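Structure, as structure tokens:
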Amino acid sequence: MLALTALSILLAYLTYRHIVRPLGQLEGVARRVQETKNYAHRVNYESNDEIGRLAAAFDEMLGELDSARKRELFRAGRARSTQTTRRIAQCFTRGDLLPLGQRRLSTDLRQ
């Protein structure tokens, strides 16, 4: 009876160590990414079992999301820069960016 209890405790410990704890780490990283929107977090769990492969795939997915987010932020920055340049050009064309005296002269000449 004592041997069966000891075996049950050992089995519970091994289950915790090899399944529950790594899944908890994975959940913790997912939660940190969700809260911080920082895709640089990683699970860093190395094992050749299913949990290890899941953690590796999750880390790869985070890397892809991080790269995609950086590309999107870069594109958005370029779009804003293009819009700003276009608006400045429009202001120059209309004469809005000229000094006050020249602005009146430019407005008078267009009329």
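The table that follows gives values for the structure above.
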quantity: The one condition in (1) at pLDDT 95 or above; (2) in contact with a helix residue (DSSP H, G or I) (Cβ under 8 Å, 6 or more places away or on another chain) that Arg32 fails to fulfil; calculated: (2)
quantity: Selection count where residues are open to solvent by 60 Å² or more (accessible area, probe 1.4 Å), in a helix (DSSP H, G or I), without any contact (Cβ under 8 Å) to a residue 24 or more places away in the chain and not β-branched (Val, Ile, Thr), scope segment 36-95; calculated: 20
quantity: Residue within segment 22-31 that is surrounded by 10 or more Cβ atoms within 10 Å (Cβ to Cβ), of a type in the set (D, E, K, R) and not in a loop (DSSP other than H, G, I, E, B) present; calculated: yes
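The values are calculated or read from the model by the stated rules, or taken from the named source; none is laboratory data. Predicted model only: the values in this text are computed from it and were never measured. In this analysis, Cβ positions are derived from the backbone assuming ideal geometry, glycine residues included, and neighbour counts consider all displayed protein chains. For accessibility, only protein heavy atoms count, side chains too; no ligands or nucleic acids. Shrake-Rupley method; radii C 1.70, N 1.55, O 1.52, S 1.80 Å.
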